[in-house]
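Here's the structure, in structure tokens; my notes come after.
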Amino acid sequence: MIALQPIFFTIGFFLTALAGMMIIPTATDWVQGDYNWQPFAISALMTGFIGLLMTFSSRPSGPTTLTIRETFILTAATWLVVSLFAAIPFVLTNTTGSHTDSFFEAISGLTTTGATVIRGLDFTSPGILLWRALLQWFGGIGIIVMAFTVMPLLKIGGMQLFRSEFSDRSEKVMPRVSQIASAIVLTYVFLTMLCTGLLYAAGMDFLEAVCHGFTTMATGGFSTSDASIGYFNSPIIECIIMVFMFISATTLILFVKMLQGRPQAVWNDSQARLFIKVIIGCVAVMTLWRISQQTPAIQALRESAFNIISIITTTGYTTADYTFWGTFPLMFFFILMMIGGCTGSTSGSIKILRYQIMFAVAKSHIYQIRRPHGIFPPTYDGKPIPDTISISVFTFFALYIVSFGLLVMGLGLYDLDVSTSLSAAASALNNIGPGFGPVIGPSSTFTSLPDGAKWMLMAGMLLGRLEYITFLILFVPSFWRD
């Protein structure tokens with residue numbers, strides 16, 4: 001039997017927290033004299049009532065331990081239910097064109113994808129802009145918590161190796177997991193406040209700085225303008241955002257260590273070190289390409305650096321429409337969509353750790369073919385990689401490829417062109433945001449897509465954020481058998 005009580009209790013807790021968040025845009029619109037404070041207030045009351053009802057009616061009488069099956073159900077159900085209630089303000093304020101669009105915006109926010117269906121952001125109410133940013137910030141901290149707790153427990157995509165590395169390196173600093181979790185949350189909040197303060201000092205108004213501080217730390221990409229960061233046309237703002245996009249896409253526990261007096265923590269981590277090298281290499285390649293196409297060197301470096309860091313960290317901000325840079329940049333950015341940041345960060349996509357494991361196993365296999373009688377165990381940071389982790393990572397890659405192929409073909413059923421179908425699927429599964437072309441490119445939105453295509457993309461966002469197995473296993477009949 002499945003124990004539903006702790007599942008309902010946990011979902012109720014998150015809904016109550018969501019209702020508390022709704023009070024912020026309610027107060028913002030009330031102070032600004034915008035009528036949207038009333039729909040937000042109604043949304044908060046509805047969500048809070050359901051959340052408190054579920055929390056108090058399902059409160060466990062004592063300590064509760066979830067089974068693996070119940071953990072799978074809880075994880076998927078929480079994201080779905082919270083997304084459903086997060087869409088209520090969009091529906092009541094009539095910000096989006098339909099219920100489908102409202103749900104799309106909410107899921108895109110909570111999964112930190114950043115794909116939007118809202119046009120005219122420059123004229124949208126402050127409460128809605130703040131609500132979108134809050135959803136991404138809330139989703140970002142949820143992603144980090146999942147990376148350190150749920151995913152290693154479920155043995156998904158090699159996350160158990162990440163957990164072991166994280167535990168081994170952190171126990172001397174903070175011996176208790178609860179202390180580590182608290183430090184991560186506090187660091188996330190501190191960095192968000194720091195990013196917000198710097199953006200405000202650089203020229204953004206207070207609302208813009210808050211919204212971009214939230215969405216930068218979440219690597220979400222929701223902006224307050226249709227032109228995204230290009231609206232500000234400020235090198236200082238772009239530099240600040242680039243720094244914090246990088247921080248957000250790097251394992252956050254490393255910055256906890258830095259704040260505790262270990263400045264070499266980031267560079268000493270092999271995953272973060274490779275991430276830095278990949279970014280530098282990609283920016284250099286794209287800058288040289290653009291210079292070869294007669295783009296001024298400073299402009300080439302500025303635009304290449306910002307947009308590459310934005311894509312590889314799966315943030316999705318833009319300062320220029322890179323789809324007009326030529327065929328090579330288009331393919332280059334498409335590949336970058338499938339890299340992602342570090343494990344234990346707010347970024348999406350495949351992530352550096354899994355590539356490291358995959359190449360280590362492939363290298364070991366090649367050596368074994370060359371010398372059949374030799375012993376060449378794959379290693380990560382000098383430690384052998386267990387077979388269970390190798391299988392887990394390759395299972396992740398297999399599910400990623402199959403999911404991507406099916407999603408592209410599904411979008412093709414709606415007669416979308418190849419560029420739109422490929423980039424939309426990559427954008428959703430990798431939780432990035434903008435795609436390619438005139439339909440969903442950096443200068444466009446997803447609003448013109450058919451509703452059926454939007455539902456497919458919503459499923460893709462959840463698939464990517466829940467690391468595939470967490471979501472797909474619910475459709476396996478044997479999973480529900482006792």
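The values are calculated or read from the model by the stated rules, or taken from the named source; none is laboratory data. Worth saying up front: this structure is predicted, and the values here are computed from it rather than measured. All Cβ positions, glycine included, derive from the backbone under ideal geometry; neighbour counts span all protein chains shown. Areas reflect the complete protein model, heavy atoms only, side chains present, ligands, DNA and RNA absent. Shrake-Rupley method; radii C 1.70, N 1.55, O 1.52, S 1.80 Å.
Give GLY412, GLY382, GLY326 a once-over and let me know the one that is small (Gly, Ala, Ser) and touching a residue at least 12 places away in the same chain (Cβ under 8 Å).
Of GLY412, GLY382, GLY326, the one residue that is small (Gly, Ala, Ser) and touching a residue at least 12 places away in the same chain (Cβ under 8 Å) is GLY326.
Filter region 239-262 down to the residues that are over 25 Å from THR318 (Cβ atoms) and under 14 Å from the mean Cα position of the chain (by Cα) and list them by number.
THR251, the sole residue that qualifies.
If you check THR192 against the conditions, is it at pLDDT 90 or above, assigned to a helix (DSSP H, G or I) and under 18 Å from THR250 (Cα atoms)?
For THR192, the condition - at pLDDT 90 or above, assigned to a helix (DSSP H, G or I) and under 18 Å from THR250 (Cα atoms) - is met.
Given the criterion under 24 Å from LEU429 (Cα atoms) and over 23 Å from the mean Cα position of the chain (by Cα), identify the matching residue among PHE306, PHE328.
After applying the criteria, what remains is PHE328.
Is it true that some residue in region 19-27 is open to solvent by 20 Å² or more (accessible area, probe 1.4 Å), in contact with a Gly (Cβ under 6 Å, 6 or more places away or on another chain) and within 18 Å of LEU130 (Cβ to Cβ)?
no
Scan region 322-341 and give yes if some residue there is open to solvent by 80 Å² or more (accessible area, probe 1.4 Å) and polar (S, T, N, Q), otherwise no.
Looking through region 322-341, at least one residue is open to solvent by 80 Å² or more (accessible area, probe 1.4 Å) and polar (S, T, N, Q).
Taking TRP267 as meeting all but one of (1) open to solvent by 10 Å² or more (accessible area, probe 1.4 Å); (2) modelled with pLDDT of 95 or more; (3) among the aromatic types (Phe, Trp, Tyr), write down the number of the exception.
For TRP267, the exception is condition (2).
Within region 308-315, is even one residue at pLDDT 95 or above and either of a type in the set (Gly, Ala, Ser) or surrounded by fewer than 18 Cβ atoms within 10 Å (Cβ to Cβ) (or both)?
Yes, there is a match, as at least one residue in region 308-315 is at pLDDT 95 or above and either of a type in the set (Gly, Ala, Ser) or surrounded by fewer than 18 Cβ atoms within 10 Å (Cβ to Cβ) (or both).
For THR28, all conditions in the list (1) touching a helix residue (DSSP H, G or I) at 6+ places or on another chain (Cβ under 9 Å); (2) without any contact (Cβ under 8 Å) to a residue 60 or more places away in the chain hold save one; what is the number of the exception?
Single failed check for THR28: (2).
Inside region 292-319, can you point out the residues that are within 16 Å of PHE232 (Cβ to Cβ), assigned to a loop (DSSP other than H, G, I, E, B) and of a type in the set (S, T, N, Q)?
THR315, THR318, THR319
Tally time: how many residues in region 40-66 are open to solvent by 100 Å² or more (accessible area, probe 1.4 Å) and in a helix (DSSP H, G or I)?
3
Kindly establish whether ILE236 is modelled with pLDDT of 95 or more, open to solvent by 10 Å² or more (accessible area, probe 1.4 Å) and over 20 Å from the mean Cα position of the chain (by Cα).
Criteria met by ILE236.
Just to confirm my filter: which helices (runs of 4 or more DSSP H) fall fully inside region 344-454 and include at least 1 residues that are at pLDDT 90 or above and closer than 30 Å to TYR188 by Cα?
Result: 352-370, 387-412, 418-429.
Taking region 202-222 as the region of interest, how many residues are in a loop (DSSP other than H, G, I, E, B) and out of contact with any Lys or Arg (no Cβ under 9 Å at 6 or more places or on another chain)?
Looking only at that region, the number is 7.
Of all residues being buried (at least 21 other Cβ atoms within 10 Å of the Cβ) and outside any helix (DSSP H, G or I) in region 119-166, which is modelled with the lowest pLDDT? Just the residue, please.
GLY158
Residues of region 67-80 being part of a helix (DSSP H, G or I) and open to solvent by 40 Å² or more (accessible area, probe 1.4 Å), which ones?
Across region 67-80, the qualifying residues are ILE68, ARG69, LEU80.
Could you tell me how many of the residues in region 427-475 are surrounded by fewer than 18 Cβ atoms within 10 Å (Cβ to Cβ) and aromatic (Phe, Trp, Tyr)?
2
Quickly run through region 188-215 and pick out the residues that are among the hydroxyl-bearing types (Ser, Thr, Tyr), open to solvent by 10 Å² or more (accessible area, probe 1.4 Å) and either within 20 Å of THR313 (Cβ to Cβ) or touching a strand residue (DSSP E or B) at 6+ places or on another chain (Cβ under 9 Å) (or both).
Within region 188-215, just THR196 meets the criteria.
Being closer than 22 Å to VAL189 by Cβ, open to solvent by 10 Å² or more (accessible area, probe 1.4 Å) and assigned to a helix (DSSP H, G or I) is true for just one of LYS277, LYS257. Which residue is that?
Going through LYS277, LYS257 in turn, the sole match is LYS257.
When you check CYS239 against the structure, is it touching a residue at least 60 places away in the same chain (Cβ under 8 Å), out of contact with any His (no Cβ under 6 Å at 6 or more places or on another chain) and not in a loop (DSSP other than H, G, I, E, B), yes or no?
no
When the residues of region 354-367 are narrowed to those that are out of contact with any strand residue (DSSP E or B) (no Cβ under 8 Å at 6 or more places or on another chain), under 16 Å from PHE275 (Cα atoms) and of a type in the set (A, V, I, L, M, F, W, C), which ends up surrounded by the most Cβ atoms within 10 Å (Cβ to Cβ)?
Step by step, filter region 354-367, then rank; the result is MET358.
Which of the residues spanning region 412-426 are open to solvent by less than 10 Å² (accessible area, probe 1.4 Å) and more than 16 Å from the chain's Cα centre (by Cα)?
Hits for region 412-426 are THR420, SER421, SER423.
Name the residues in region 94-110 that are touching a Ser or Thr at 6+ places or on another chain (Cβ under 8 Å) and part of a loop (DSSP other than H, G, I, E, B), would you?
Matches in region 94-110: THR95, THR96, GLY97.
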